[in-house]
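Contents: one structure, followed by commentary.
A short reminder: the numbers here are calculations on the coordinates, not readings from a lab. Nothing here was measured: the structure is a model prediction, and the numbers come from that model. Here the Cβ is made from the backbone with ideal geometry for all residues, glycine too, and neighbour counts use every protein chain on show.
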Amino acid sequence: MSDIFVLEDFGLSLNPEAELELTDGLAKGEDPDFVRRYEERSASSASSSDSSLVSYTAISPNKSMRTAKIDRITIHHMAGNLTVEQCGAVFANASRKASSNYGIGTDGRVGLYVPESYRAWTSSSSANDNRAVTIEVANSVAAEPWPVSDAAYESLIRLCVDICQRNNIPELVYTGNTSGNLTMHCWFAATSCPGTYLKARFPAIAEEVNKRLRGQTEDEGYKQFCEYMERYMSEAVKSDPSPWAKAACDKAIQKGVMKGDGSGAYNFQRPLTREAYLVMQDREGLL
Ligand SMILES: [Zn+2]
């Protein structure tokens, strides 16, 4: 197949079995000369509107001006185990006419190739890529089912959350077709991208991203605080006095100043309320 490139073609010393399924990003019939004339005024570096999760930047010449507002994310797989640097080297080749906004390596690092303000040439669909931020994810094993590492998966979730937050996308909606805002390459071209492993996880990816987006709300934060507080208090119930306080604690029990909760637990590590403090003062005859 002419649109499959063996990495060695690009002088990269990789597993020779590794292939890039980074098929031409331009849609069939699109005129590369038309889009290429934007290159003269294209940015050569990242802008402040891109993700702060990026740790490697190599801006690709393969991009054009966006004609639509960002409202979706398209996830691809590399069909190979490329680092963010190796992926950037492939996209640096202007004759490939392919690129993506971001790439994620098996080590979880994130690369930027096309600033979000530009349309990347990733999904063989002008209509999709003008509205999408596109992400290429490395496969930890370059064979069926084309898995990705846990580190890459976690980075993918974080990057999606970050893209949604910065572009005011309230949630990722996976519908199984192009009516949603989480899309895949194989809906626009004859390709197996994003591979069996990622394809099966699209609903879970949307769910996890949405959970984290909602988790940013105050109510969720307070709920989590209460859960942690409950855990902290139940730990404190079991705690014995610290060595330096042991003698005083024993004396307090002996004198009946400290009576515990009635079940034999004295809760020495728990915070003291004002009412408990006053009761103990009373028991000592100080009131
Ligand atoms: Zn793809």
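The table for this structure:
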quantity	calculated
Of LYS97/LYS199; LYS69/LYS199; LYS69/LYS211; LYS63/LYS199; LYS97/LYS211, pairs whose Cα-Cα distance is over 30 Å	LYS97/LYS211
Sequence-distant residues sharing a close amide H with TYR56 (under 5 Å, placed H)	VAL110, LEU112
Extension gain, GLU85 back to ARG270 (0.36 nm per residue minus Cα-Cα distance, nm)	61.4 nm
Principal axis box of region 153-237, alpha-carbon based, largest edge first, Å	62, 27, 20
Backbone HN-Hα couplings from phi across region 157-164 [Karplus 6.51/-1.76/1.60, Hz, Gly and Pro as x]	4, 4, 5, 4, 4, 4, 4, 4
Relative contact order computed over region 219-283 (Cα-Cα under 8 Å; 6+ residues apart), in percent	37
Reachable lysines, given that their alpha-carbon falls under 23 Å from the alpha-carbon of LYS251 and they are not under 8 places away in the same chain	LYS238, LYS259
Viscosity 1.567 mPa s, temperature 4 °C, Stokes-Einstein D of region 194-278 from Kirkwood C-alpha radius, µm²/s	76
Residues ALA94 and VAL141, FRET efficiency given R0 of 35 Å [Cβ-Cβ distance, rounded to 0.05]	0.70
Over region 112-257: Kirkwood hydrodynamic radius from C-alpha pairwise inverse distances, Å	19.2
Intensity falloff of region 65-112 expressed as log10 I(q)/I(0), Debye formula with alpha-carbon point scatterers, at q = 0.13, 0.21, 0.24 Å⁻¹	-0.34, -0.81, -0.98
